[in-house]
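Data first, discussion second: the structure below is written as structure tokens.
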Amino acid sequence: MKKNILICNVGNRDVQFAQGENEFPKNNFREVSKKIYGQYEEKKENLHFPIITTILLDLTKRIKKLNIHEILLIATDQNPPHFSDTLYSAQLIRKYLLDTKDDRKIWGGYLNQLKKPKIIAMQNNPSNMDDMYKFYSEQLPQILGDLDQYQNIFFSITGGTPAMNTMLMIHGINVGKDKAQIVYVPNKSGRSRNLNITGRMLLENHLLTIRQNIQHFEYHSAIQYLENNQEFFASRFPIKMLQNLICIFKYAFLRISFQFGEALEFIGHFSESRDDASLENLYDYIRDLTEHNVDDHVDKYMAELYWNINMLYSKGQFIDVCLRLFRFQEQSLREFVKRKLGVVLDEKVINQEWLKNNTGLRAYLEKSKIRYQGTITRATLQETANYYIQNQESALNPILSKINLFDELSTLRNNCIGAHGFSGITEEKMYELMQNKFKLDAIEDFKEALFSTMKEIYTAIFENDELLTENQYEQMNQVIFKQLDKMSKVEVE
């Protein structure tokens with residue numbers, strides 16, 4: 001059975017006299033409450049506990065069959081002692097609850113499962129925001145432990161200082177998540193209220209976490225987060241809205257994994273209006289990458305690769321960056337010899353009929369001991385390009401030289417865990433190998449030099465850089481953010 005817990009800040013208004021002067025003297029609160037605690041049996045008929053009594057009675061009226069299993073009282077016991085400390089006030093509350101918890105006339109049986117209330121006494125200054133931030137951020141996770149054991153976690157922010165109540169509210173929501181309910185008793189109202197901001201803060205916290213995942217292209221993490229908190233989201237949003245969100249997350253995850261066919265299926269399931277131009281563009285762009293062979297849309301494939309490398313670089317995944325750079329180089333060489341030099345290529349080989357009529361190239365490759373009859377390798381493409389540059393296309397040498405720059409990283413690539421070894425790759429290692437080629441003085445300039453070189457290669461080959469002017473993945477994220485913005489505007493309890 002899951003339990004319900006009430007966590008209360010205790011202040012100077014939590015214990016009062018039932019008759020005569022209502023409040024304990026504030027300038028001597030600690031000593032007076034200590035004295036009365038020592039005289040509890042004699043004084044109890046004249047004591048009143050307005051805040052916790054109001055909260056408990058209202059909760060049991062509002063929530064059917066609610067049993068409160070645990071109560072935690074947070075009081076002050078400063079070092080050195082302060083006249084306003086509430087330690088003995090908390091002890092009076094605990095004494096009262098233990099005395100009356102089985103009294104059905106007072107509680108209607110809702111406290112008969114209550115354990116002995118616990119008291120945590122802080123020694124810090126309760127008016128210091130920084131101290132209170134540290135106290136509640138450290139204490140609440142330890143107090144609550146596994147959230148699965150709770151049905152409800154109630155936080156009372158009526159007693160205590162403003163700093164105590166602010167931090168109990170903030171960390172209560174952060175730690176308690178969708179189990180958290182913030183309650184308070186407005187002064188002299190005699191009734192408790194649930195703070196309406198609770199649901200809104202929970203939602204904003206959830207959406208902020210998802211946004212941060214999306215900003216860092218962690219789409220799989222966003223999917224898992226949504227699924228792990230499905231109870232919270234399902235109770236607040238239409239199921240179709242959540243299904244749409246998961247579909248677009250999966251589209252993004254599959255797209256960055258180059259699983260374009262599967263990505264197209266998920267964006268096709270998206271039930272929002274296809275009149276949305278940005279959504280339509282996502283659909284059409286991927287459709288071009290799946291309904292035709294690579295040669296028909298190789299410019300789009302290479303642009304996708306360019307932005308994929310950019311994304312991985314921003315995440316510091318340099319092994320994947322290096323591996324994809326060689327894929328970029330390989331396809332650049334292929335397109336260079338085909339588009340700029342006129343070499344006829346079949347899917348994976350040089351067209352042998354064409355090669356028979358180009359005896360000079362064939363002789364050059366044989367002399368260079370380059371295999372040209374089987375699957376095309378990077379070396380085959382490079383030597384083919386060298387032959388034409390040396391004999392008739394010297395004007396194209398600058399672009400070939402840029403393509404060949406990536407050879408500097410070959411040893412790094414070959415020895416890494418993604419190829420033939422167990423080594424890692426860092427930005428620093430890549431920079432050290434490319435620094436002289438790029439003529440750089442600082443590592444901070446490396447990323448710009450790298451992507452500028454890739455863009456120059458792409459533009460020279462395709463004579464157009466339109467697909468590299470705007471970050472395709474950032475555009476994809478903007479579509480997702482638009483959906484999250486819609487969710488943030490939904491009214492929540």
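The values are calculated or read from the model by the stated rules, or taken from the named source; none is laboratory data. Quick caveat: nothing in here was measured; it's all calculated off a predicted structure. Positions of Cβ are backbone-derived with ideal geometry, glycine not excepted, and every protein chain shown enters the neighbour counts.
For the subset of region 1-52 comprising residues that are among the aromatic types (F, W, Y) and farther than 22 Å from M167 by Cβ, which member is modelled with the lowest pLDDT? Break it down into steps so the answer makes sense when it comes.
Let us first name the residues in region 1-52 that are among the aromatic types (F, W, Y), namely 17, 24, 29, 37, 40, 49.
From what's left, farther than 22 Å from M167 by Cβ: 17, 24, 37, 40, 49.
Working: F17: 85, F24: 76, Y37: 92, Y40: 91, F49: 92.
Filtering first and then ranking leaves F24.
Test Y251 against the stated conditions and say whether it is closer than 23 Å to I461 by Cβ and among the aromatic types (F, W, Y).
no
Before we move on, is K439 assigned by TED's automatic domain parsing to the domain that holds L312, crowded, with 16+ Cβ neighbours inside 10 Å and either in contact with a helix residue (DSSP H, G or I) (Cβ under 7 Å, 6 or more places away or on another chain) or under 22 Å from Y458 (Cβ atoms) (or both)? Explain how you work it out, then say what you get.
On the way: assigned by TED's automatic domain parsing to the domain that holds L312: yes; crowded, with 16+ Cβ neighbours inside 10 Å: no; either in contact with a helix residue (DSSP H, G or I) (Cβ under 7 Å, 6 or more places away or on another chain) or under 22 Å from Y458 (Cβ atoms) (or both): yes.
Criteria not met by K439.
Could you grab me the full set of residues in region 93-109 that are within 20 Å of D14 (Cβ to Cβ), touching a residue at least 24 places away in the same chain (Cβ under 8 Å) and not β-branched (V, I, T)?
The answer is R94, K95, Y96, L97, D99, W107.
If K65 satisfies all but one of (1) within 25 Å of P186 (Cβ to Cβ); (2) in a loop (DSSP other than H, G, I, E, B); (3) among the charged types (D, E, K, R), what's the number of the condition it fails?
(1)
Residue-wise test of (1) part of a loop (DSSP other than H, G, I, E, B); (2) in contact with a strand residue (DSSP E or B) (Cβ under 6 Å, 6 or more places away or on another chain).
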position: Q91; (1), (2): no, no
position: Q113; (1), (2): yes, no
position: K134; (1), (2): no, no
position: Q139; (1), (2): no, no
position: I153; (1), (2): no, yes
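Only one residue in T100, T86 is polar (S, T, N, Q), closer than 20 Å to G159 by Cα and assigned by TED's automatic domain parsing to the domain that holds G145, so which one is that?
When all the criteria are applied, what remains is T86.
Could we say that E227 is surrounded by fewer than 16 Cβ atoms within 10 Å (Cβ to Cβ), over 13 Å from the mean Cα position of the chain (by Cα) and among the acidic types (D, E) here?
So E227 fits the description; yes.
Could you tell me whether K240 is of a type in the set (K, R) and assigned by TED's automatic domain parsing to the domain that holds N415?
No.
Just to be sure before I move on: is F232 surrounded by 13 or more Cβ atoms within 10 Å (Cβ to Cβ), without any contact (Cβ under 8 Å) to a residue 60 or more places away in the chain and of a type in the set (F, W, Y) in the structure I sent?
Judged against the criteria, F232 is a match.
Of everything in region 303-352, what is more than 21 Å from N293 (Cα to Cα) and either without any contact (Cβ under 8 Å) to a residue 60 or more places away in the chain or of a type in the set (S, T, N, Q) (or both)? Give them in sequence order.
Across region 303-352, the qualifying residues are N310, L312, S314, Q317, L341, Q352.
Please determine, by comparing only the residues of region 188-214 that are part of a loop (DSSP other than H, G, I, E, B) and buried (at least 16 other Cβ atoms within 10 Å of the Cβ), which one is modelled with the lowest pLDDT.
Restricting to residues being part of a loop (DSSP other than H, G, I, E, B) and buried (at least 16 other Cβ atoms within 10 Å of the Cβ), the top hit is L195.
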